[in-house]
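One structure is given here, and the rest of the page talks about it.
The values are calculated or read from the model by the stated rules, or taken from the named source; none is laboratory data. Keep in mind the model is a prediction, meaning the values are calculated, not measured. Positions of Cβ are generated from backbone atoms using ideal geometry, with glycine treated the same way; all protein chains shown enter the neighbour counts.
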Amino acid sequence: MKIGISCYPTIGGSGVVASELGMALAKRGHQVHFITYAIPNRLDLRCENLFYHEVSVPEYPLLEYAPYSLALASKMADCASEYGLDIIHAHYAIPHAASAILARGIIDNGLKVVTTLHGTDVTLVGRNASFMPITRYAIEQSDYVTVVSNFLRQDVRDTFTCDKDIKVIYNFIDPDEYRNIKSSELRKTLAPNGEKLLIHVSNFRPVKKVMDVLNIFVNVKKQLPARLILVGHGPDFPKLEHKATEYGVSEDVLAMGNRDSVIDLLTAADILLLPSRTESFGLAALEAMAAGTVPLTSNAGGLPEVVEHGVNGWTADVGDVQTLTNHAINTLQDSNLLETMSNNARKTVFEKFNIDKSLAAYEQLYEQAISTK
């Protein structure tokens, strides 16, 4: 098959999933064309059958805001015509699915549109009155729609009151990336005195509740030596840094910034803290579990579909810092419990969220789309 993929190329779960999916499809012999304004962070263009097409947006004096969605639609139409694309797989309803639908109308050659909703396009952007009509239209006019969790599927149906058939295909990891990983040397660097390592990975938006992350860490540190690794950046990061200084723990808070890969840091850590107000899926938790890092998360959104409380991680109500603190301390103080939960986490991910399962589901969906007239 010849497949176009469009996603946000910035740091974030949707771009990671789109990149990993595209590379896996290319390895399976499909011709995959990424169409976006920059090369996604995780995308390795050295893969055979993988191509990148940059969307450039011209500037005109009369236009205050550059019309990226129109430039994207035009580029999609050009690529679909030139390379004979069968499908455009749009990650996010806006602008990617809307642009793909416009491109389909431009060329009118049987191009199919598969849309994957990742969460923010529904929970934040799609609920905005300015975007709700176009988001609903993009969902309804897509040939097939997938979501990353059962929670998100219900949320889409409730928000847009649509009866579109929506298929759940979970996010995934490639087990090969997590096998035979050794973290001993990195751990010695991050925890030179044998401290326990907690980690948080996010874009530091308010929904991530990063002050809860810091408060849990401060509580843990009162009971045992520990350090906190922070990966990513965003609007609430300066606030967290200021509070860490105020609490006197700044020397044990290690800021790593944005990184293309976090596998090494996750493997070195003991516990992931993800007390988000909501997560449509929780890719950070999934990647942590694959690395053997025990996740401590809220029980909101799609997180309970990933983290099984008391088996491969711990969950608590949103804002319940004390309960998550207690789980963290108890787990870190019991090496047998930590090892058992770590092993359970890896087993869950490798069996339930293996890339092979999701890849097969997407290929089947593509084939259904192409065969439908």
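Would you mind stating whether LEU338 is of a type outside the set (Ser, Thr, Tyr), in contact (Cβ under 8 Å) with a residue 40 or more places away in the chain, farther than 26 Å from SER19 by Cα and part of a helix (DSSP H, G or I)? When the stated conditions are applied, LEU338 passes them. Does ARG259 satisfy being surrounded by 13 or more Cβ atoms within 10 Å (Cβ to Cβ), modelled with pLDDT of 95 or more, assigned by TED's automatic domain parsing to the domain that holds PRO192 and touching a Leu at 6+ places or on another chain (Cβ under 8 Å)? In short, no. Summed over the stretch 303-327, residues that are of a type in the set (A, V, I, L, M) and within 24 Å of HIS118 (Cα to Cα) total 5.
For residues in the stretch 342-367 being assigned to a helix (DSSP H, G or I) and in contact with a strand residue (DSSP E or B) (Cβ under 7 Å, 6 or more places away or on another chain), which is nearest to THR331 (Cα to Cα)?
From the stretch 342-367, those assigned to a helix (DSSP H, G or I) are 342-352, 355-367; that's our starting set.
Within this subset, residues satisfying the condition of being in contact with a strand residue (DSSP E or B) (Cβ under 7 Å, 6 or more places away or on another chain) are 342, 345, 349, 355, 365-366.
Details: SER342: 10, ALA345: 14, VAL349: 20, ILE355: 29, LEU365: 41, TYR366: 43 Å.
This residue is SER342.
Under the condition of being out of contact with any helix residue (DSSP H, G or I) (no Cβ under 8 Å at 6 or more places or on another chain), part of a loop (DSSP other than H, G, I, E, B) and among the hydroxyl-bearing types (Ser, Thr, Tyr), the residues counted in the stretch 29-73 number 2. Restricted to the stretch 187-208, and to residues there that are within 16 Å of LEU296 (Cα to Cα) and over 17 Å from the mean Cα position of the chain (by Cα), the residue that is surrounded by the most Cβ atoms within 10 Å (Cβ to Cβ) is LEU198.
In summary, VAL113 fulfils each of the numbered conditions (1) surrounded by 24 or more Cβ atoms within 10 Å (Cβ to Cβ); (2) under 17 Å from ASP143 (Cβ atoms); (3) modelled with pLDDT under 95 with the single exception of condition (3). Selection of the stretch 138-184 for residues being assigned to a helix (DSSP H, G or I) and surrounded by 16 or more Cβ atoms within 10 Å (Cβ to Cβ) yields ALA138, ILE139, GLN141, PHE151, LEU152, ARG153, ASP155, VAL156, THR159, PHE160, PRO175, TYR178.
Filtering GLN368, GLN364 for residues that are exposed (fewer than 15 other Cβ atoms within 10 Å of the Cβ) and in contact (Cβ under 8 Å) with a residue 24 or more places away in the chain leaves a single hit, GLN368. Contact map, the stretch 25-47: residues that are more than 17 Å from GLU367 (Cα to Cα) paired with residues that are of a type in the set (Lys, Arg) and outside any strand (DSSP E or B), Cβ distance under 6 Å, separation 6+ or inter-chain. Pairs shown: ILE35/LYS75.
Pick out the one residue from ALA288, ALA316, ALA284 that is hydrophobic (A, V, I, L, M, F, W, C), surrounded by 18 or more Cβ atoms within 10 Å (Cβ to Cβ) and farther than 25 Å from ASP264 by Cβ. It would help to see each step written out before you state the result.
Details: ALA288 fails: farther than 25 Å from ASP264 by Cβ; ALA284 fails: farther than 25 Å from ASP264 by Cβ.
It is ALA316.
Yes/no per residue for (1) over 30 Å from MET23 (Cα atoms); (2) among the small types (Gly, Ala, Ser); (3) touching a residue at least 40 places away in the same chain (Cβ under 8 Å):
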site: ASN215; (1), (2), (3): yes, no, yes
site: LEU224; (1), (2), (3): yes, no, yes
site: LEU230; (1), (2), (3): no, no, no
site: TYR247; (1), (2), (3): yes, no, no
site: ASP252; (1), (2), (3): yes, no, yes
site: MET256; (1), (2), (3): no, no, no
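The residues of the stretch 63-94 that are crowded, with 24+ Cβ neighbours inside 10 Å and under 22 Å from ARG153 (Cβ atoms), listed by number, are ILE87, ILE88, HIS89, ALA90, HIS91, TYR92, ALA93. For the residues LEU274, LEU254, the requirement of being at pLDDT 95 or above and within 20 Å of THR120 (Cα to Cα) singles out LEU274. The test for being among the polar types (S, T, N, Q), closer than 20 Å to ILE370 by Cα and not assigned by TED's automatic domain parsing to the domain that holds ASP260 holds for ASN49. Taking first residues from the stretch 305-323 that are under 16 Å from GLU351 (Cα atoms) and partners that are in a loop (DSSP other than H, G, I, E, B) and not hydrophobic (A, V, I, L, M, F, W, C), the Cβ contacts under 7 Å between residues at least 6 apart in sequence or on separate chains come to GLU305/SER149; VAL306/GLY282.
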